[in-house]
């Protein structure tokens, strides 16, 4: 009987030669390497696309990348309170203040102004804690040199107006949109006040200070997703201010203008927002 028949008959298996294993293995796992130059080109292409997307986002305000004094979101959050928590503490005014003004949103939290940093940033005492608040949905001209390389027209006027109207001790009511805090640990809020406390109407009527700033020409709408619920009213207020030639529309002729180009002879800043334009909420 031939040798192979003998091995089959006895149950002895044949073992391939070691060289055969190497040949078979190399056929099953052919090496595939991508040239390093191709990897480098792909990386540069991705970086280029990200840069272009960033520049377009900054131009059109899509909210994909944080920019400047924008309000990018943070993972830090504070527990949101509602009007039903702790016996309506969300709307309870601080001790010694007047009553809750009419038209106030039910979720607004009462706080007391401690100081004003500039036109759109304030510090308040909220439940015994000093916190910084960024007025969401708007932007006032900067009083310092920004990434554009210059101070902006009407920044000082906007800051002065906010400091005069929101003097230390003024009771304000903070309303949240979607985002709680930005990466600078500032609360993002619509800031409501009693109209009488800022000389913009009768005492006892709630008014949104964010909108006052836009209507009087101290600020422009600044949509930053997802906090855009009140943008339609801000756009309307900006249109009214521009038509009436108030604030930056008179002194600067538009937005983001260097302070050196300020036009003299414009009317003195004054709160002019008519209460009739404010739909009651809450």
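Using the Cβ-Cβ distance between residue 115 and residue 47 with R0 set to 30 Å, the FRET efficiency works out to roughly 0.10. At an R0 of 22 angstrom, the distance between the Cβ atoms of residue 148 and residue 263 translates into a FRET efficiency of 0.70.
Between segment 166-205 and segment 228-271, how many Å separate their Cα centres? Cα centres, segment 166-205 to segment 228-271: 21 Å.
Values quoted throughout were computed directly from the atomic coordinates according to the rules given, and no laboratory measurement underlies them. Quick caveat: nothing in here was measured; it's all calculated off a predicted structure. A quick note on method: Cβ atoms are made from the backbone with ideal geometry, for glycine too, and the neighbour counts reach across all protein chains shown.
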